[in-house]
Structures are given as C-alpha cells and as structure tokens.
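The values are calculated or read from the model by the stated rules, or taken from the named source; none is laboratory data. The structure displayed is predicted, hence computed values, not measured ones. Don't worry about glycine lacking a Cβ; one is built from the backbone with ideal geometry, like all the others, and counts go over all protein chains shown.
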Amino acid sequence: MKTLPILLCVLALGACSGKPPAPKAKPADVATPFDALKADEQRAKDVQKVVDKQADEQRKQIDAQDH
C-alpha cells in the first residue's frame, strides 16, 4: 500500500518533465464551400473576357468592311 503513493508521485513527476511538446504538423488547408463558388466566379470572369475580346474583334472586322 505504501508503494502506491510513491508510484503515483513518480508518474506525476515523469508527466511534468521539462521536455517541450513535439511540434505538430500544420493542418492541411480545408476546402470550404466558398472555394468552389470562387472558382466558378473566376471561370465566369475568364469566359466573359474571351467573349468581350471576340466581340471587339468582330466589331473591328465589321467596321473595316464598312469603310
């Protein structure tokens, strides 16, 4: 019975050692529902740029034919 308190003290002192905790790895980036929305929005902006460029080129061709 006397060994039990001594054993508990030894375990408590061992648990409170001065070692720093092991560095934890950075958590991976978690995908959010907004990531998909942002990707869709960027894709739509890119498509709009292509459409605007093609419309501008077509406008230039029409203007060149009229003159």
* List every residue pair whose Cβ atoms sit under 9 Å apart, with the two residues 6 or more apart in sequence or on different chains, where the first one lies in region 40-59 and is in a helix (DSSP H, G or I) and the second, anywhere, is loosely packed, with under 10 Cβ neighbours inside 10 Å. => none
* Given (1) at pLDDT below 90; (2) exposed (fewer than 10 other Cβ atoms within 10 Å of the Cβ), number of the condition Leu11 does not satisfy -> (2)
